[in-house]
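To start, the structure under review is shown below, and the notes come after it.
The values are calculated or read from the model by the stated rules, or taken from the named source; none is laboratory data. Bear in mind the structure is a predicted one, so any value in this text is a computation, not a measurement. Positions of Cβ are generated from backbone atoms using ideal geometry, with glycine treated the same way; all protein chains shown enter the neighbour counts. Accessible surface areas use protein heavy atoms only, side chains included; no ligands, DNA or RNA. Shrake-Rupley method; radii C 1.70, N 1.55, O 1.52, S 1.80 Å.
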Amino acid sequence: MPKDMLLEIKDLEISLLVESHMVNIIDNVSFDLKFGEVIAIVGESGCGKTVTSQAIARLLPRELKILSGKILFYSKIDERVLDVCKLDPKGKTIHYIRGDQIGMIFQEPMSSFSPVYTIGNQICEVIRLHQKVSKKKARNISIELLDTVGIPNPVAAVDQYPHEFSGGMRQRAMIARAISCNPSLLIADEPTTALDVTIQAQILVLLQELQKEFGMAIIFITHDLGVVAQISHRVFIMYMGKIVEEGSVHDIFHNPKHPYTENLIHAIPKLGNLRERRRLVPIRGNVPSIFDELHGCAFHPRCKFFMPDKCDVHFPKCKHLTSNHSVWCYLYE
Ligand code: SF4
């Protein structure tokens, strides 16, 4: 793995076990992430974004199995590259990495915090699990973290329970817990979805500021392409467990190639001159079920460029358009 690389995922395949049948959820997914880089994984619900992130932290539900592939992660423990897929999901190494070197922010902060412990207690728990510090010191660090993420009166807030926080404050507190051990990788899984637009914007700015201050890499997972431009360097578009396009933010927004990416961009509401106002164009059809046996490109039932006997036979090969812009579509073969 190159020296500047923090994470490299190679040909990852994850299956769901249903009544002794295996259904592929993640199919041949490969991507990498450099130290301090921010990437976004974008796609509709059910395309495999969250499963990919759960696999990195070995938090997959029991019925999901990693079939093949590698998740190479540069570990600070002994400064070597670990294949996370080979680690025991209940073993010491992954317990040490998770929370310490990989921080996670989840979509719904209310269900991520225990309602019966104070916010401070739950941040201190992570700190004391990974750092040899006294209870008092951990409490002081928690207060500092709450202050860093913009919680008003952190000295009082540290002793409050999650239900006493608003949605935005809970999300800030979860960010404080996720960065409490100064991780090299932060996985933010739909961190703004449950929030209203004003708080959403504040959380995005906060993540940007923290990324600059602490220099951590971020994997930002979202179904909303609109929030990606502000925060990420590179974007990966996923559909039905496969990456279908990857490129810089500029490539994806100004020169999208895959019909699915184009459809996602047309579905973003735009503000502006009333005379230029246009109808939102929804993506026709629905995301197919994982149990539908679709051959070839899984987007073909919804694609206006569908080529019979081609698109529905084999999945297209990767076409490298530039050094960092690639697409998987027969239109570019
Ligand atoms: Fe459409 Fe075919 Fe390209 Fe799939 S491969 S996006 S069906 S043109």
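Spot the failing condition for THR93; the list is (1) more than 20 Å from the chain's Cα centre (by Cα); (2) not in a helix (DSSP H, G or I), and only one is missed.
If we test THR93 against (1) more than 20 Å from the chain's Cα centre (by Cα); (2) not in a helix (DSSP H, G or I), just (2) comes out false.
What number goes with the only condition from (1) within 15 Å of the ligand (Cβ to nearest atom); (2) of a type outside the set (S, T, N, Q); (3) part of a helix (DSSP H, G or I) that HIS250 does not pass?
(1) is the only condition that HIS250 fails.
Taking LYS257, is it at pLDDT 95 or above, of a type in the set (Lys, Arg) and either within 11 Å of the ligand (Cβ to nearest atom) or open to solvent by 50 Å² or more (accessible area, probe 1.4 Å) (or both)?
Spelling it out, LYS257 is indeed at pLDDT 95 or above, of a type in the set (Lys, Arg) and either within 11 Å of the ligand (Cβ to nearest atom) or open to solvent by 50 Å² or more (accessible area, probe 1.4 Å) (or both).
Specify the residue that is most open to solvent (accessible area, probe 1.4 Å); the eligible residues are those in region 117-134 that are part of a loop (DSSP other than H, G, I, E, B) and over 16 Å from VAL158 (Cβ atoms).
LYS132
If you go through region 299-330, how many residues are in contact (Cβ under 8 Å) with a residue 24 or more places away in the chain, open to solvent by 70 Å² or more (accessible area, probe 1.4 Å) and near the ligand (Cβ under 10 Å from one of its atoms)?
Qualifying residue count, region 299-330: 2.
Looking at ILE290, ILE268, ILE218, ILE283 in this structure, which one is crowded, with 21+ Cβ neighbours inside 10 Å and either closer than 30 Å to VAL23 by Cα or away from the ligand (no atom under 16 Å from the Cβ) (or both)?
ILE218
Mind listing whichever residues of region 1-21 are in a strand (DSSP E or B), surrounded by fewer than 13 Cβ atoms within 10 Å (Cβ to Cβ) and touching a strand residue (DSSP E or B) at 6+ places or on another chain (Cβ under 8 Å)? Give the derivation first.
Of the residues in region 1-21, the ones in a strand (DSSP E or B) are 5-18, 21.
With surrounded by fewer than 13 Cβ atoms within 10 Å (Cβ to Cβ) added as a condition, the list becomes 11, 17-18, 21.
Within region 1-21, ASP11, LEU17 qualify.
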